[in-house]
Amino acid sequence: MSNNDIYQTPLASRYASEEMAQLFSNKRRFRTWRQLWVWLAKAEKQLGLSISDEAISQMEANLDLTDGDFKVAEEEEKRRRHDVMAHVYAFGQVAPAAAGIIHWGATSCYCTDNADLLFLRQGLDILLPKLANVIHKLSKFALEHKDLPTLGYTHLQPAQLTTVGKRACLWIQDLLMDLRNLTRARSDLGFRGVKGTTGTQASFLAIFNGDHDKVEELDSLVTQFAGFEYAYPITSQTYSRKVDADVICAMSSFGATCQRIGTDIRHLAAVKEMEEPFEKDQIGSSAMAYKRNPMRSERMCSLGRHLANLCKDAFDTYSQQWFERTLDDSAIRRIDIPHAFLTADVLLRILDNVVSGLVVYPAVIARRIREELPFMATENFIMRMVALGASRQDAHEAIRVLSHQASAVVKQEGKDNDLIERIKKDKFFEPIWGEIDGLMDPRTFVGRAPEQTAKFVEMQVKIALEPWTGALSAAVSELNV
C-alpha cells in the first residue's frame, strides 16, 4: 500500500469535491480500519476480556497513519498477500501493547465491510445537501419563469404551449424522487457489526466461553460506537451485497435524471431558447469561433450515463455471491462504490453550476411561438365561430383548407406562416376578424401551468426541503410564490 489515494482518477482529482475525494482515500480507509479495531477492543474490554488501558491508549494515539506506517504495511502485504493482516501488523508496530489483541475474534470483513458501510453513510451525507440545494435553486428559476409561455413538445414536435417554469418543474419533480430515494437508502443502512467468519459469531462465542448475552452485547456496543441505530441481524461473512445494490441503484437513478435534464437543455440550446452558463472568454470550438456548445450539459449526460449503468455491476455482484461469500465481489466493489459516489458528486457540482446560471431568451421563444401558434389557435377560432352560430363542420373545413395552404407556403417556399392573414381575408371568418388578435394571446394557451408551478413549489418542494433548512439556511424561506 502507498500513502497515495487509490482512487485518484482524473474524475476525483479534477472535478470531485475534496470532501468526497478524501472519503475514498487510502488514509481514510485505513484510519477507519484502525478505528474499528479500537471500538472492538474497547467493547471487548468493557465486557471483561483482558485488554489493558495502555493497549487502548496506544491504539487511539495512532489512528492516523504516517508515511512510515504505510511503508510497513506495503512491505508486509508483499510478503503476506493479505491487506488486512498487513495493516494489523503495521498497527501493532506502533501500538505494541495492543499487538496481541488487535482484531481479536474478528474476520477481515469486520473492518472492510463495516468501513464500507461507514463510507456509504458518509458519502450520502455529502450528496444529499448538495441535491437539496440544486432543487432549491431550480425552484427559484421555476417561479421566476412560471408565467413565460413557451412551445411544448410531444414527439419533439411543437405541441400545446406550456411555460418555462412549468417545464423546469418536470426536472424538479424527478430530482425530488432522487432526494427521496437517496434519503431512504441512507436511513435504511445498518451496520455489519461483529459476526465472525460465516456470520454465526462462533469465534466470539468461544472468546466469551459460550455466553450468548455477552456476544450480543458486544455486537450492540460496537454498533453504537459506530453511530448506527442497528446492526443487520443476519449476515454471512459479509453484509448482503444487496445493500450496495440498493444504494448504487438510487444513485444510478439520479444519473438518469441528469441525462434527462442535460438532454433537454441541449435541445433548447440548439433552438436558442435557453442556454447553460457561458463564460465571457469561453471558447465553444477550436475551429468555429461562433459556437456556444452546451459542454456542461454534455458532460452531465456523459457522466450520468456512466452512473446510471453502475447499477448493473452492483446487481451482478450481489447475484453472483455463493453461499456465505466468494471473493469475486472485492475488486469490483473497490471500483464501483467510489466511482458511484465520485460521479454523483461531480454531477451535482455540474448541475449546480448549470441551474445557477441558466439563460433564457424570451424574444427567441416568442418568435417561435408566433411561427407555430396560428395552427394551434385554429381550435379557438372554430369554437368562437360556433358560438356565433356557424356550423362546426363548416368552420373546421374552412380552417383545414387554409391551414394546408399556409403549411405549403412554410414548407415548400420557406416563407413565414401566413395562416392568420389568410383567415383575416376569408369572408367566412369575418364575424371574428376583430377578435383574432385577442384569441392569439399566448398566455391564453398555457392552461394552469403558472398555477401548477406555484402550487408545486409551495406544497411539494418547500415541504421536501424542510429537513435541509440547516444546509440551505435562509434559502428555503426565499421560495415564496
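Pull up the range 192-210, narrow it to residues that are over 22 Å from Lys242 (Cβ atoms) and in a loop (DSSP other than H, G, I, E, B), then point me to the one that is most open to solvent (accessible area, probe 1.4 Å).
Asn209
Going by the conditions given, is Gln452 in contact with a Cys (Cβ under 9 Å, 6 or more places away or on another chain) and either open to solvent by 30 Å² or more (accessible area, probe 1.4 Å) or polar (S, T, N, Q) (or both)?
yes
Which pairs have Cβ atoms under 9 Å, sit 6 or more apart or on different chains, and link a residue in the range 403-430 that is farther than 25 Å from Ala390 by Cβ to one that is open to solvent by 100 Å² or more (accessible area, probe 1.4 Å)?
Val409/Lys415; Val409/Asp416; Val410/Asp416; Asp416/Arg370
When the range 65-112 is examined, which residues are found to be farther than 22 Å from Ala43 by Cβ, outside any helix (DSSP H, G or I) and either open to solvent by 30 Å² or more (accessible area, probe 1.4 Å) or charged (D, E, K, R) (or both)?
Thr66, Arg81, His82
Report the residue count in the range 123-158 for those that are in contact (Cβ under 8 Å) with a residue 24 or more places away in the chain and either outside any helix (DSSP H, G or I) or open to solvent by 40 Å² or more (accessible area, probe 1.4 Å) (or both).
Residues that pass the stated criteria total 14.
Is there any pair with a first residue in the range 319-330 that is in contact (Cβ under 8 Å) with a residue 12 or more places away in the chain and more than 11 Å from Arg241 (Cα to Cα) and a second that is small (Gly, Ala, Ser) and open to solvent by less than 40 Å² (accessible area, probe 1.4 Å) whose Cβ atoms are under 6 Å apart and which are 6 or more apart or on different chains, and what are they?
Within 6 Å, the pairs are Glu324/Ser236.
I'd like to know if the range 279-288 contains one or more residues that are assigned to a loop (DSSP other than H, G, I, E, B) and either among the acidic types (Asp, Glu) or modelled with pLDDT of 85 or more (or both).
Yes.
Could you check Leu120 against (1) more than 30 Å from Gly357 (Cβ to Cβ); (2) open to solvent by 10 Å² or more (accessible area, probe 1.4 Å); (3) not β-branched (Val, Ile, Thr) and say which number it fails?
(2)
Within the range 189-200, is even one residue touching a residue at least 24 places away in the same chain (Cβ under 8 Å), assigned by the TED database to the domain that holds Arg333 and among the charged types (D, E, K, R)?
yes
Scan the range 402-447 residue by residue and report those that are at pLDDT 90 or above, of a type in the set (A, V, I, L, M, F, W, C) and within 30 Å of Lys166 (Cα to Cα).
Result: Phe445, Val446.
Which members of the range 211-238 meet the condition of being in contact (Cβ under 8 Å) with a residue 40 or more places away in the chain, over 26 Å from Thr317 (Cβ atoms) and either of a type in the set (Phe, Trp, Tyr) or open to solvent by less than 40 Å² (accessible area, probe 1.4 Å) (or both)?
Selection gives Leu218, Leu221, Phe225.
In this structure, is Ser13 at pLDDT below 95, part of a loop (DSSP other than H, G, I, E, B), closer than 30 Å to Phe341 by Cα and of a type in the set (Ser, Thr, Tyr)?
no
For Met385, are the conditions met, namely being of a type outside the set (Asp, Glu) and closer than 18 Å to Ile369 by Cα?
Taking the combined requirement at face value, the residue does not satisfy it.
From Ile365, Ile382, which residue is open to solvent by less than 70 Å² (accessible area, probe 1.4 Å), under 49 Å from the mean Cα position of the chain (by Cα) and within 21 Å of Phe141 (Cα to Cα)?
After ruling out the rest, the residue left standing is Ile365.
Looking at the range 368-402, which of its residues are in contact with a helix residue (DSSP H, G or I) (Cβ under 8 Å, 6 or more places away or on another chain), within 15 Å of Thr444 (Cβ to Cβ) and among the basic types (Lys, Arg)?
Arg384
The values are calculated or read from the model by the stated rules, or taken from the named source; none is laboratory data. Remember, it's a predicted structure, so these values are computed and weren't measured experimentally. Please note: Cβ atoms are built from the backbone with ideal geometry, for glycine as well, and neighbour counts cover all protein chains shown. Protein only, heavy atoms only, side chains kept; ligands, DNA and RNA dropped before computing areas. Shrake-Rupley method; radii C 1.70, N 1.55, O 1.52, S 1.80 Å.
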